[in-house]
Amino acid sequence: EPIPSPPAYPIVGHAHTGVIDPVNTAQSYRILREKYGPIYQLNFYGKPFVVVTSQKLVNELCDETRFHKFVSGALEEVRHGAGDGLFTAYHGEESWGIAHRILMPAFGPQQILGMFNDMLDINSQLLLKWERFGPDHAIDPTDDFTRLAFDTVSLCAMSYRVNSFYQEGLPPFVKAMGSFLLECGRRSQTPSLVQGLMRTANAQYDADIKLMVDLCDQIVAHRKSHPEEAKNDLLNRMLEGKDPKTGRGLSDANIRNQLITFLIAGHETTSGLLSFTCYHLLSTPSAYVKLQAEIDAVLGKEPIQLSHLPKLEYLQAVLRESIRLNAPLGMLLLTPEEDTVIGGQWEIKKGTRCGVEINGLQRDQTVWGEDAAEFKPERMLDGKFEALPPNSWKPFGNGARACIGRPFAWQESLMMMATLLQKFDLRFDDPSYHLQLKQTLTTKPKDFKMHVIPRKGAR
Ligand code: MNH
């Protein structure tokens, strides 16, 4: 059976044809999925890209004996900034194994619990800012959640304060990274000959990379010259840690790549999750009311504590459901180890780029039912989440290459939503707002604004 494919142009295939809108890929993939179903093939300058959208097919691609992560396309462009950091390391690259073994324990549950106070420090800065804005100010939650996530990851990972909440615009590093990631996406659809001619864009790209590299080098240099400040943070583990398997440590270049990686991977995604969660709660008053009642029952008027977090079961379901409907990272790239056949009928040659379209997967009606497009946290409660068919919920990726920061992002998000609704009521700025998306490497809501109203008698 040939894999279905939209009409294509000679040479360029589907590049620059509007089939994939680079500033809203999530929407482009939704349109393709609605038209072509569980599997279809695109083609960029002769290179095929096979996209799968159903749980049945994704389940095959998640079999690590048959498929592995494929650093290609926009992800390969990100290597210009993040090099062999964990996120952009090639399959089988030696430095990935070393860094993975050194850093996995640093992201373990105990370590994350130990970051509670630093997370709360940044969390309080956001709440204070919103309180001072007052109920009449239309807040752009995505920008402030980006500040939150960025400041949190840099404080927890390298004990470095960005102080984004004390700056008018977003920090220069965040701006450089945003423009870098957008350009990575664009470059992945531009042939290198043409790319070479784009002088202004290339100069900006190089400048953005330099800004990110310089900041990370500065942080490492500072730590090395002030060893007395060495906390047991991630940076320290990177400088001191030895791989139990090979006995080797991380090179200076690799440490810089990991820092850039954590800053990139660690903030846009979490910001997206928190923004989409606010949107879904505002659109679903019954879930909003239920969640706030849970938070009042668990936290009351007390300052949040670690011991509250496991009791926030409905909040956990809300986050799972929000990230199901809107995964900040929408595509996992994979390739088969050998020529293979999936779904019993579609042939995929070794070396072919394949994509798991997460938003398709996570709205597959055979798994989630006819109401798959609706926000219903209840489907994530009472053991239902654990009983899902394998690989039906994959917002954090797959197997060995799954997200190392998942417990980190989850704790930060639980804390943020709990303290937010403890203290404030949320309102849409525009009650007729319909969700629109915007894209860099990750997806976030576009033009979403809200108001926060201090609750009577709240702390
Ligand atoms: Mn994260 C990999 C999603 C938060 C650091 N992350 C991945 C992947 C997904 C993902 C999906 C797999 C990508 C791929 O297969 O190509 N990450 C998320 C989401 C959130 C998130 C949805 C928040 C919500 N990630 C974080 C945070 C950090 C982080 C926070 C760091 C503090 N993520 C990583 C790193 C990897 C990764 C590092 C690469 C892991 C590896 O391949 O070894």
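The values are calculated or read from the model by the stated rules, or taken from the named source; none is laboratory data. As the structure is a prediction and not an experimental result, all values here were calculated from the model. Glycine also receives a Cβ, built like all others from the backbone with ideal geometry; neighbour counts cover every protein chain displayed. Side chains included, ligands, DNA and RNA excluded: accessible areas come from the protein's heavy atoms. Shrake-Rupley method; radii C 1.70, N 1.55, O 1.52, S 1.80 Å.
Residues of region 308-330 that are touching a Pro at 6+ places or on another chain (Cβ under 8 Å) and open to solvent by less than 10 Å² (accessible area, probe 1.4 Å): A317, V318, E321, I323, R324, A327, P328. Applying a threshold of 7 Å to beta carbon distances and a minimum spacing of six or more residues, or different chains, the list of pairs starting in region 173-192 at a residue that is at positive phi and ending at one that is surrounded by fewer than 17 Cβ atoms within 10 Å (Cβ to Cβ) is empty. Only one of the numbered conditions (1) open to solvent by less than 40 Å² (accessible area, probe 1.4 Å); (2) part of a loop (DSSP other than H, G, I, E, B) is not met by S28, and that is (2). Here the helices (runs of 4 or more DSSP H) wholly within region 59-139 that include at least 2 residues being within 11 Å of the ligand (Cβ to nearest atom), surrounded by 14 or more Cβ atoms within 10 Å (Cβ to Cβ) and touching a residue at least 24 places away in the same chain (Cβ under 8 Å) are 73-82, 94-103.
Looking across region 261-307 at every residue that is away from the ligand (no atom under 16 Å from the Cβ), of a type in the set (G, A, S) and in a helix (DSSP H, G or I), the one that is least open to solvent (accessible area, probe 1.4 Å) is identified as A287.
For region 225-252, the set of residues classified as loosely packed, with under 12 Cβ neighbours inside 10 Å, in a helix (DSSP H, G or I) and not acidic (D, E) consists of S225, P227, listed by residue number.
Within region 403-412, the set of residues being within 6 Å of the ligand (Cβ to nearest atom) and open to solvent by less than 40 Å² (accessible area, probe 1.4 Å) comprises I404, G405, F408, A409. Within the span defined as region 160-171, one or more residues are exposed (fewer than 14 other Cβ atoms within 10 Å of the Cβ), closer than 25 Å to G81 by Cβ and in contact with a Leu (Cβ under 9 Å, 6 or more places away or on another chain).
Taken over region 156-172, the criterion of being modelled with pLDDT of 90 or more and closer than 18 Å to T440 by Cα is satisfied by P172 alone. Residues that are among the β-branched types (V, I, T) and without any contact (Cβ under 8 Å) to a residue 40 or more places away in the chain do occur in region 22-34, at least one of them. The condition of being farther than 30 Å from Q305 by Cα, of a type in the set (S, T, N, Q), in contact with an Asp or Glu (Cβ under 8 Å, 6 or more places away or on another chain) and modelled with pLDDT of 95 or more holds for only one of N398, N391, that being N398.
Look at region 229-240: where a residue is free of Cβ contacts under 8 Å to residues at least 60 places away in the same chain and under 19 Å from N254 (Cβ atoms) and a partner is among the aliphatic types (A, V, I, L, M) and surrounded by 16 or more Cβ atoms within 10 Å (Cβ to Cβ), sitting 6+ places away or on another chain with Cβ atoms under 7 Å, you get L239/I255. Candidates in region 331-342 are the residues that are open to solvent by 20 Å² or more (accessible area, probe 1.4 Å) and of a type outside the set (A, V, I, L, M); of these, the one that is farthest from the ligand (Cβ to nearest atom) is D339. Highlighted here are the helices (runs of 4 or more DSSP H) found entirely within region 341-459 that include at least 1 residues which are closer than 30 Å to S188 by Cα and touching a helix residue (DSSP H, G or I) at 6+ places or on another chain (Cβ under 9 Å): 358-361, 406-423. Note on region 175-198: residues that are more than 21 Å from A15 (Cβ to Cβ) and at pLDDT below 90 amount to 1.
Return a yes/no flag: does region 424-440 have any residue that is in contact with a Gly (Cβ under 8 Å, 6 or more places away or on another chain) and either open to solvent by 50 Å² or more (accessible area, probe 1.4 Å) or within 16 Å of the ligand (Cβ to nearest atom) (or both). Yes: one or more hits.
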